[in-house]
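Taken together, the values in this text are just the output of simple stated rules run on the coordinates, not laboratory data. None of the values given here were measured: they were computed from a predicted structure. Neighbour counts run over all protein chains shown; Cβ positions are idealised from the backbone, glycine included.
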Amino acid sequence: MPSPVIEARDLRKLYKETAAVDSLSFEVAPGESFGLLGPNGAGKSTTMRMVGAVSTRTSGELSILGMDPNENGPDIRAQLGVVPQTDNLDAELRVRENLLVYGRYFGLSRAVVAQRADELLDFAQLSDRAKAKVDDLSGGMKRRLTIARSLINNPRILLLDEPTTGLDPQARHILWDRLFRLKEQGTTLVVTTHYMDEAEQLCDRLVVVDKGMIMAEGAPAALITEYSTREVVELRFGSERNADAAVTLAGVGDRVEVLPDRILIYADDGEAALSEAVRRGLHPITSLVRRSSLEDVFLRLTGRSLIE
Amino acid sequence: MTASTTPAPTRGALRRGGGVGALYSGNPQSVIARGFMATKSTNYIVVLTGFFEPIFYLLSLGLGLGSYIGSVDVGGHPIPYAAFIAPGLLAVSAMNGAIYDSTWNVFFKMHFGKLYQGMLATTLGPLDVALGEIVYALIRGGVYAITFMIVMQALGLNLAWTAMLALPAVLLIAFGFASLGMGITSYMKTFQHMDWINFALLPMFLLSATFYPLSVYPVPVQWVIQALPLWQAVDLVRGLTTGVLSWGLLIHVLYFAVMITLGLVFTTRRLRSLFLD
């Protein structure tokens, strides 16, 4: 394996007394698409800021492209593209101007920036909007422009903090397609998200982070195998009767989980588990057999209670 | 579009070492260029209003009110009232322009546009951003000052050749107010906080011997007024346009040199602690 482009060991960030990130260790290989999954407040964005060389770690080791952000912040930032959680496009500038100006911040020449801007508008499918005002763009277009902007300096690593939060399904799929093309061209992607489908779409490998620590690490499929079963049966009996039904279901499948509104049976063969439930005399109002998803892994690892 | 495996060549990166909070990449001109582009794109009306305001003041107070007042004594020389307040208004407009650009504009960019967050994710350092924003404000302020001085010249209110020096003086004044104002604005979180700035500026505007000589105050009050930056500004510009020169003018220059230095250090530190923690 070639040497990693990002290497974090026991990475830690304290804000006053609280640890936003607590002894995180991970590596990202060149060209890899790496995901940081976790609930709100898990420390994803803080990690991204440290990797993006705009936040100083409290302790631990961090190497980006072989450099230490504490020593070479600007040199690292010169080779990164950053797509922040909330768009921070320049609303006082037009679409194409946003790209031109951002390239100039990196010290690139006017000629280089002008050429790149046109290529990137094309890539982001915004060529016909080049002269539009930023505020007149839809959410998905703004996101694509932010991504285009992050590519103006030809970054080796692209950091995407919740790239599709708040977008409609069409916009998300267009965005995923663009990101997938970047990945094919060899750009290393680091993505934070709490959308499981996004992680499954985009990431070769991911870590699940909670309370500033890594709970699990692996490829999406491997994580599902390790932390869940192949299939999940969802049964609804009405909120009054779920607890009673769970008693009857004891021993069906690998594991039974009772939620306020439904019961989940984790089993390798969902249909068989459902037949067994019916054989035991249960008549659910609705039943659903589905493939296990990363969401099951995520909820199992980070718990179901609301994290505030 | 191709993914490059070689690092993007950046002029800035060659010039400086330093970690996450590295201060300067030698590229404030990119921030200035952004200011021009933004003005061209959307902001030109704001720019025009800043141009007319002091001229209206000059016409109404200087020529209108001035016809009742006659002349005012400056350092033993009688000066027509309009020629007395015109340099005061020039200094005030330099202050207002600088304050507007470095407070309201910066406030919006900080909290709503998140503009500086985006800038500091590039190779730019906080000093590039602070210098770029301030110099852009100065260029704008300089254009206002030139047009105002042309009006003064046309009305015969520039009484000495030293009036030429009022232009660099006005830029110096604006630099002082802008660099300090940007740092102070970084503490502002809400619109209510922003009102405090106006609350502090209005009495300074009215009391800093802009419209009447300092000698109307009792001596202890004069000391307080003399400590205010706007009095320093008014007295400096007035000395130059009326040609009533004294060594005191150099003290004013020194006052603003110190204000600029403190303001830049303060603003740069604030930007660094806000966006590069």
Once Lys and Arg are counted +1 and Asp and Glu -1 for all other residues with Cβ under 15 Å from that of B:Gly75, the total becomes -1
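Could you compute how fast the stretch B:39-105 diffuses translationally, taking Rh as the Kirkwood radius over C-alpha pairs and applying Stokes-Einstein at 4 °C with viscosity 1.567 mPa s? Give it in µm² per second.
Translational D for this selection: 96 µm²/s.
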With A:Ser293 itself left out, Lys, Arg at +1 and Asp, Glu at -1 over residues whose Cβ is under 9 Å from its Cβ give -2
Output for the protein assembly as shown (equivalent-ellipsoid semi-axes, sqrt of 5λ from the C-alpha gyration tensor, Å, descending) is 61, 25, 21
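Mind checking the mean number of beta-carbon atoms from other chains within 10 Å of the Cβ atoms in A:97-105?
Taking all residues of A:97-105 together, the mean is 6.
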Helix B:248-275: inclination vs chain B longest Cα principal axis, degrees, rounded to 10, gives 30
A correct fewest-to-most ranking of B:Lys114, A:Lys16 by other Cβ atoms within 10 Å would be A:Lys16, B:Lys114
Kirkwood Rh over alpha-carbon pairs of chain B plugged into Stokes-Einstein at 25 °C, 0.890 mPa s gives a D in µm²/s of 123
Toy charge model, Lys and Arg Cβ at +1, Asp and Glu Cβ at -1: chain A dipole around Cα centroid in debye, rounded to 20, equals 760
The exposure ranking of B:Met152, B:Met164, fewest beta-carbon neighbours within 10 Å first, is B:Met164, B:Met152
Place a point 7 Å from the Cα of A:Glu27 in the direction of its beta carbon; the residues of the stretch A:175-189 whose amide N falls under 18 Å from it are A:188-189
In the stretch B:173-204, the chymotrypsin sites (Phe, Trp or Tyr not before Pro) that sit in a DSSP loop and have at most 15 other Cβ atoms within 10 Å of their own Cβ are B:Tyr187
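Mind checking the mean number of beta-carbon atoms from other chains within 10 Å of the Cβ atoms in A:43-54?
Average neighbour count from other chains, rounded to a whole number: 2.
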The relative contact order of chain B, taking Cα pairs under 8 Å that sit 6 or more residues apart, comes to a percentage of 27
Partner shielding of A:76-82, taken as the mean number of other chain Cβ atoms within 10 Å, equals 6
Once the mean of 1/r over all distinct C-alpha pairs in the stretch A:101-144 is inverted, the Kirkwood radius in Å reads 11.2
Relative contact order of the stretch A:10-54 (C-alpha contacts under 8 Å, at least 6 apart) in percent is 30
Given pairs A:Lys16/A:Lys44; A:Lys211/B:Lys114; A:Lys44/A:Lys211; A:Lys183/A:Lys211; A:Lys211/B:Lys109 and cut-off 21 Å on Cα-Cα distance, the over-length ones are A:Lys211/B:Lys114; A:Lys183/A:Lys211; A:Lys211/B:Lys109
Stretched fully, the stretch from A:Gln170 through A:Thr58 gains (0.36 nm per residue minus C-alpha distance, one decimal, in nm) 36.3 nm
Around A:Val191 (Cβ within 9 Å, Cβ-to-Cβ, excluding A:Val191; K/R +1, D/E -1) the net charge comes to -3
In nm, the gap between the two label points placed 7 Å beyond Cα toward Cβ at B:Ile251 and A:Ala221 is 8.2
Burial-style ranking of B:124-136, A:258-270, A:100-112, average other-beta-carbon count within 10 Å with highest first, yields B:124-136, A:100-112, A:258-270
One finds the C-alpha centres of the stretch A:65-140 and the stretch B:121-155 to be spaced, in Å, by 25
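Among B:Leu120, B:Leu271, which comes first, second and so on when ranked by fewest other beta-carbon atoms within 10 Å? Don't jump to the answer; show the numbers that get you there.
Details: B:Leu120 24, B:Leu271 27.
Lowest count first: B:Leu120, B:Leu271.
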